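The values are calculated or read from the model by the stated rules, or taken from the named source; none is laboratory data. Just so it is clear, the structure is predicted and the values come from calculations on it, not from any experiment. We place every Cβ from the backbone using ideal geometry, glycine too, and count neighbours over all the protein chains shown.
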């Protein structure tokens, strides 16, 4: 596969060394929400804010990229970005490309910036590039918002509930990296790279999204009493499990989550780590989606089946472990 093709390439300006996480945290709190892959879903955004508002004590909410995608309508684009940017946010590949001038820029044409791996079909890649193109046309009407997106960081370090946590969009080296994807985490040949990243970063966990399928992965590390963790929430703005219309966010806290929205989770030391359902009125969201991406559109071709039915994936598949 030609890695220079739009939608599959990973530009140099997307990258950072894993050592950037080894410094002091930017913040600490008792409860942290990491919300990746909102994808322009306004009902999901309101559900996230409602959940967060009910959390007591010192808390933080971080949107870790790709909060734009389906919001091609100008009014929806403005509302999503104004609300998200009132909180901590990282830029994903979508925000990075929206803030860029595209094919005329010095950065070259990264297409959607997804850096799709070989197992994703060319038809999906091509549609994603066109979706990004349509969204960029919308974003060009909001110069001030584009400047704010461009200024967002690619990563953040936070200490929460005793964990040293790195928050990224993609993986330990790139905002569009797939090193924390389900498919890579279960590959034994990838385990040495994972351990190397954790050693360089000096953290206990990475919270990420980008790859659209959730996984909480525990990795045994020599010399560490607790496993290193990859906490991928999949998507806050799309279904993550078969027959379940909810999105997911990652909650890390000193207290156990009290509510029926918990889908799966684990415990690490004193930290409670859970995937919390972002439940919406499915009929309302589907109507909003179809108003922007009707049958025959690229968005509809790529995502309508998942929005209706969820992916062929179950909560038990989202908890994985590597011992050696």
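Please note which strands (runs of 3 or more DSSP E) are completely contained in segment 231-294 and include at least 3 residues that are under 16 Å from residue 52 (Cα atoms). Ranges flagged: 247-253, 271-278.
Residue by residue, here is whether (1) touching a strand residue (DSSP E or B) at 6+ places or on another chain (Cβ under 8 Å); (2) at pLDDT below 95; (3) surrounded by 23 or more Cβ atoms within 10 Å (Cβ to Cβ); (4) on the phi < 0 side of the Ramachandran plot holds:
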{"residue": "170", "(1), (2), (3), (4)": "yes, no, yes, yes"}
{"residue": "173", "(1), (2), (3), (4)": "yes, no, no, yes"}
{"residue": "180", "(1), (2), (3), (4)": "yes, no, yes, yes"}
{"residue": "186", "(1), (2), (3), (4)": "yes, yes, no, yes"}
{"residue": "193", "(1), (2), (3), (4)": "no, no, no, yes"}
{"residue": "196", "(1), (2), (3), (4)": "no, no, no, yes"}
{"residue": "200", "(1), (2), (3), (4)": "no, no, no, yes"}
{"residue": "206", "(1), (2), (3), (4)": "yes, no, yes, yes"}
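Note on segment 57-80: residues that are touching a strand residue (DSSP E or B) at 6+ places or on another chain (Cβ under 9 Å) and under 14 Å from residue 43 (Cα atoms) amount to 1.
Select from segment 110-122 the residues that are surrounded by fewer than 12 Cβ atoms within 10 Å (Cβ to Cβ) and either under 16 Å from residue 184 (Cα atoms) or touching a helix residue (DSSP H, G or I) at 6+ places or on another chain (Cβ under 8 Å) (or both) and list them in ascending order. Give the derivation first.
So in segment 110-122, the residues surrounded by fewer than 12 Cβ atoms within 10 Å (Cβ to Cβ) come out as 118-119, 121.
Within segment 110-122, 118, 119 qualify.
So, residue 246, is that one modelled with pLDDT of 95 or more and surrounded by 18 or more Cβ atoms within 10 Å (Cβ to Cβ) or not? Taking the combined requirement at face value, the residue satisfies it. Among the criteria (1) surrounded by fewer than 19 Cβ atoms within 10 Å (Cβ to Cβ); (2) modelled with pLDDT of 95 or more; (3) touching a strand residue (DSSP E or B) at 6+ places or on another chain (Cβ under 7 Å), the one residue 35 does not fulfil is (1).
The condition of being without any contact (Cβ under 8 Å) to a residue 40 or more places away in the chain, surrounded by fewer than 23 Cβ atoms within 10 Å (Cβ to Cβ) and either outside any helix (DSSP H, G or I) or touching a helix residue (DSSP H, G or I) at 6+ places or on another chain (Cβ under 7 Å) (or both) holds for only one of 146, 136, 164, that being 136. Annotation: residue 21 fulfils all but one of (1) in contact with a strand residue (DSSP E or B) (Cβ under 7 Å, 6 or more places away or on another chain); (2) surrounded by 20 or more Cβ atoms within 10 Å (Cβ to Cβ); (3) more than 26 Å from residue 197 (Cα to Cα); the unmet one is (3).
Being more than 16 Å from the chain's Cα centre (by Cα), at pLDDT 95 or above and either farther than 20 Å from residue 169 by Cβ or crowded, with 17+ Cβ neighbours inside 10 Å (or both) is true for just one of 98, 90. Which residue is that?
Values: 90 fails: more than 16 Å from the chain's Cα centre (by Cα).
Matching residue, one of 98, 90: 98.
The residue list 265, 310, 269 contains one member that is free of Cβ contacts under 8 Å to residues at least 60 places away in the same chain and out of contact with any helix residue (DSSP H, G or I) (no Cβ under 9 Å at 6 or more places or on another chain), which is 265. Mind listing whichever residues of segment 272-291 are surrounded by 17 or more Cβ atoms within 10 Å (Cβ to Cβ) and over 18 Å from the mean Cα position of the chain (by Cα)? If the condition is that a residue be surrounded by 17 or more Cβ atoms within 10 Å (Cβ to Cβ) and over 18 Å from the mean Cα position of the chain (by Cα), then 272, 280, 285, 288, 289 are the ones that fit. Picking from residues in segment 3-32 that are part of a helix (DSSP H, G or I) and closer than 15 Å to residue 177 by Cα, the one that is modelled with the lowest pLDDT is 12.
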